[in-house]
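Working notes, structure below.
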């Protein structure tokens, strides 16, 4: 299929009518990866050559943002183009939560389907499955297939939550009908071991919150019974999903454009990289998991290159939120940190309203179409919906929070968004140009992960260009700007 690229302003690729083939699009989303975890962004303790290759040959954004400091809401925003705080269900979900994307609303993958794309979601999901009463032993509906993906192979939530199974096109893969799966987030099943009752079964220690059912020697959140043959082996998860991406690519219709969402589980807890990556850094399991994730990126892109699929393919690499060290397991991520700074000088991290909660790596690569560069344009993952819609001539509905910043994503402009609402577990802040305003919120200064949460007693104002670490509150120095941003915040959020 050959279509003109609406609004892209790109040079012709050899065709007489100045049209180029509709580009393939790959969206790779890491899990809890910080700016400072990527060597292209300055890490000197972790080497990420495959991600670096995208950065050095594409656009590396220094002001790239997720909408949210946790994964479920940031992914919700990416796929729907809507601020997640507009949906009360867009919060960290248990593994048995219902699908939180309404099946009757527009989504980015639906837009891709309508434009003639083959679509797939492979890897981490964490946006819910089913209607709230999931029977894991039967076809699950609604699922990710219902909101715009032709093919799906996913983990329902996170790798530290039950059920610890792969769900392919709404069906648990490898399920033995004689060993049905049961899941409960309130009470255990009689006789089933937990981290508290059977600590001798553990190969990984829990630090907090992860002392329920044991799978593969690792304690999880939630209780699970049955499905022994279907349960994943954590150390094999990277290879499993790389294999699924390759198998899907092998069965694509020749010449048909594709949209692939590839959700890495690295470096989310529990960090259990394959043995060939163990010891590849001096940072313990967390650093080794980052290296494993980089390997996944390299494997997938090399395979697509081998198949001749990279000549007209846009690759977008990013993370769902900022980094976290101790997130429930005793894997010595803090003790082995050394000089490594996963936050890259920002304040906070995952769960935080400070900049480190939503300031993430964001890289766009398009061979032959994007000049290598570093951009400080303010861009957000939520804007991929409207921007890619412009690029492919897709149907972008009115009323979205997603904004068309295509020129910034293609490196043709250093102007992105002007304003952005940041969200962290229901708390909101406003970014306007070079300034961030954080309203007062009650609550602890830090949470169990030791990240600063951004709960401040009074309104705070920070100049992000001059003070990226947010150590100097200038609210008293710029009262007029503060009042203007208060008004703007209220107009956008209704708060």
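When the residues of segment 70-102 are filtered to those that are under 26 Å from residue 22 (Cα atoms) and either at pLDDT below 95 or in contact with a helix residue (DSSP H, G or I) (Cβ under 8 Å, 6 or more places away or on another chain) (or both), the one that is surrounded by the fewest Cβ atoms within 10 Å (Cβ to Cβ) is 82. With the structure loaded, tell me whether residue 35 is over 22 Å from residue 260 (Cβ atoms), crowded, with 24+ Cβ neighbours inside 10 Å, in the same structural domain as residue 310 (by TED's automatic domain parsing) and in contact with a helix residue (DSSP H, G or I) (Cβ under 8 Å, 6 or more places away or on another chain) or whether it fails that test. It is true that residue 35 is over 22 Å from residue 260 (Cβ atoms), crowded, with 24+ Cβ neighbours inside 10 Å, in the same structural domain as residue 310 (by TED's automatic domain parsing) and in contact with a helix residue (DSSP H, G or I) (Cβ under 8 Å, 6 or more places away or on another chain).
Scanning segment 357-389 for residues that are out of contact with any strand residue (DSSP E or B) (no Cβ under 8 Å at 6 or more places or on another chain) and in a helix (DSSP H, G or I) yields 382, 383, 385, 386, 387, 389.
Does residue 206 fit the bill of being in contact (Cβ under 8 Å) with a residue 60 or more places away in the chain and over 14 Å from residue 163 (Cα atoms)?
yes
Out of all the residues in segment 231-259, which are assigned to a loop (DSSP other than H, G, I, E, B) and free of Cβ contacts under 8 Å to residues at least 40 places away in the same chain? Let's see the steps before the verdict.
Here is the first cut: in segment 231-259, the ones assigned to a loop (DSSP other than H, G, I, E, B) are 232-233, 251-257.
Answer for segment 231-259, where residues must be assigned to a loop (DSSP other than H, G, I, E, B) and free of Cβ contacts under 8 Å to residues at least 40 places away in the same chain: 233, 251, 254.
For segment 314-329, the criterion of a residue being under 27 Å from residue 204 (Cβ atoms), crowded, with 22+ Cβ neighbours inside 10 Å and more than 18 Å from the chain's Cα centre (by Cα) is satisfied by at least one position.
Yes or no, residue by residue, for (1) in contact with a helix residue (DSSP H, G or I) (Cβ under 7 Å, 6 or more places away or on another chain); (2) without any contact (Cβ under 8 Å) to a residue 60 or more places away in the chain; (3) not assigned by TED's automatic domain parsing to the domain that holds residue 85:
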site: 104; (1), (2), (3): no, yes, no
site: 108; (1), (2), (3): yes, no, no
site: 112; (1), (2), (3): no, no, no
site: 151; (1), (2), (3): yes, no, no
site: 156; (1), (2), (3): no, no, no
site: 169; (1), (2), (3): yes, yes, no
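Within segment 242-249, does at least one residue satisfy the condition of being modelled with pLDDT of 95 or more, in contact with a strand residue (DSSP E or B) (Cβ under 7 Å, 6 or more places away or on another chain), closer than 30 Å to residue 28 by Cβ and surrounded by fewer than 20 Cβ atoms within 10 Å (Cβ to Cβ)? Within segment 242-249 (the criterion being modelled with pLDDT of 95 or more, in contact with a strand residue (DSSP E or B) (Cβ under 7 Å, 6 or more places away or on another chain), closer than 30 Å to residue 28 by Cβ and surrounded by fewer than 20 Cβ atoms within 10 Å (Cβ to Cβ)), the answer is yes, since at least one residue qualifies.
Of all residues assigned to segment 329-336, at least one qualifies as being outside any helix (DSSP H, G or I), at pLDDT 95 or above and in contact with a strand residue (DSSP E or B) (Cβ under 8 Å, 6 or more places away or on another chain). Would you confirm, using the coordinates I've provided, whether residue 278 is surrounded by fewer than 24 Cβ atoms within 10 Å (Cβ to Cβ) and either in the same structural domain as residue 123 (by TED's automatic domain parsing) or under 15 Å from the mean Cα position of the chain (by Cα) (or both)? Against the criterion (surrounded by fewer than 24 Cβ atoms within 10 Å (Cβ to Cβ) and either in the same structural domain as residue 123 (by TED's automatic domain parsing) or under 15 Å from the mean Cα position of the chain (by Cα) (or both)), residue 278 qualifies.
The values are calculated or read from the model by the stated rules, or taken from the named source; none is laboratory data. Keep in mind that what you see is a predicted model, and the values were worked out from it rather than measured. With ideal geometry, Cβ positions are generated from the backbone for all residues, glycine too; neighbour counts draw on all protein chains shown.
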